[in-house]
Every structure is written in structure tokens, then in C-alpha cells.
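Following: one structure in C-alpha cells, then a few remarks.
The values are calculated or read from the model by the stated rules, or taken from the named source; none is laboratory data. Being a predicted model, the structure only gives us computed values, none of them experimental. Note that we place each Cβ from the backbone using ideal geometry, even for glycine, and neighbour counts take in every protein chain shown. Accessible surface areas use protein heavy atoms only, side chains included; no ligands, DNA or RNA. Shrake-Rupley method; radii C 1.70, N 1.55, O 1.52, S 1.80 Å.
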Amino acid sequence: MSSQREENERLAEVNLSAEEELRKMRENVAELQMFASSLTTRLYELVQEHLDLQKPYSPNVLLAKLKVEYTKLDERSEELAAKLMDRDDPIEAADCEEFVRHYKDMRAKYHSSETRCTLAEAAYKNGTLAGVPMSMDR
């Protein structure tokens, strides 16, 4: 029995001698957990910031901007034509040539933008728009 008692006393001394080291380790773990928690919070903040920065470049936003662009071109070209037709004075050859040049340029830009938008929209809906993840904006 005394050998068992001696063994228990020896184990108790070993446990007591390790108590300070265990306390320091617990404190260290608590500090590391707090640090990990702050890093996790920062990660979530950065992910949200990243998502917010991506929004203006999402396919839906870019397609909407392109539609606005070609609609404005259409309106401006129609205004130019209306302005020419509403003139009371005779149209001179130079004015006519300038009108045709500007009108032709605007209509070419309009049709180019409208075609690009239509093709991009179809490709996006089909999932074939290069470089755009399928999950974006859906």
C-alpha cells in the first residue's frame, strides 16, 4: 500500500509542477483564439469589400450600361435628324454633307453597340460569355 501511496504522491508532484506551464499554455491558447477571431472578422470584411468592388463590373450592370449607351446614341441621332428636318431655311450642300457624316457616324456607333450588347447578353444567358463565372448575377 505504501508503494501505491508513494506513486500517488509522485504523480501529484508531477501534476503540481506542470500546473504553471499548463496555465501559461491556456492563456496562450486564449490569446491565439482571440487573434484568430479578429482575423476571421477581418476576412469577412475583406470578402464583403471585394464583393462590393465587383458589383459595378458584373455582367448585368455592364449590359445595362451598354444598353443606356446605345439608347442615347439612338436618341441623339434622331434628334439630329429632327433638327435638320425642322429647319425653316434651305439646306445647303455643306450642311447636308455634315449632317450625313455625323448621322452616319452616330448610327454606325449605335448599331455596333446594340449588336455587341445583343451578342453579349445572349452569350451571358447561354453561359458562354468568356471569363464570367456562371454564378455571378444569377
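Would you point out which residue out of K67, K109, K72, K104 is in contact with a Leu (Cβ under 7 Å, 6 or more places away or on another chain), outside any loop (DSSP other than H, G, I, E, B) and of a type in the set (K, R)? Let's see the steps before the verdict.
Details: K67 fails: in contact with a Leu (Cβ under 7 Å, 6 or more places away or on another chain); K72 fails: in contact with a Leu (Cβ under 7 Å, 6 or more places away or on another chain); K104 fails: in contact with a Leu (Cβ under 7 Å, 6 or more places away or on another chain).
The unique qualifying residue is K109.
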Worksheet item: Just wondering, is there one or more residues in segment 12-25 that are open to solvent by 70 Å² or more (accessible area, probe 1.4 Å) and not in a helix (DSSP H, G or I)?
Response: no
Worksheet item: Which members of segment 92-110 meet the condition of being of a type in the set (D, E, K, R) and open to solvent by less than 70 Å² (accessible area, probe 1.4 Å)?
Response: D95, R107
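Would you pick out the residues in segment 36-72 that are closer than 30 Å to T118 by Cβ, β-branched (V, I, T) and open to solvent by less than 70 Å² (accessible area, probe 1.4 Å)? Spell out how you get there, then give the answer.
Within segment 36-72, the subset closer than 30 Å to T118 by Cβ is 51-72.
Going one step further and asking which of them are β-branched (V, I, T), we end up with 61, 68, 71.
Of everything in segment 36-72, those that are closer than 30 Å to T118 by Cβ, β-branched (V, I, T) and open to solvent by less than 70 Å² (accessible area, probe 1.4 Å) turn out to be V61, T71.
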Worksheet item: Quick one: what pairs do we get from segment 66-95, first residue farther than 10 Å from Y110 by Cα, second surrounded by fewer than 11 Cβ atoms within 10 Å (Cβ to Cβ) and not hydrophobic (A, V, I, L, M, F, W, C), C-beta under 7 Å, 6+ apart or different chains?
Response: none
Practice prompt. Please work out which residue is modelled with the highest pLDDT, limiting yourself to segment 80-91 and to residues that are open to solvent by 80 Å² or more (accessible area, probe 1.4 Å) and not in a loop (DSSP other than H, G, I, E, B).
Written response: K83
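Looking for whichever is among the polar types (S, T, N, Q) and surrounded by 10 or more Cβ atoms within 10 Å (Cβ to Cβ) here; the options are S77, S3. Which one fits? Spell out the reasoning first.
Numbers: S3 fails: surrounded by 10 or more Cβ atoms within 10 Å (Cβ to Cβ).
Selected residue: S77, the only one of S77, S3 that is among the polar types (S, T, N, Q) and surrounded by 10 or more Cβ atoms within 10 Å (Cβ to Cβ).
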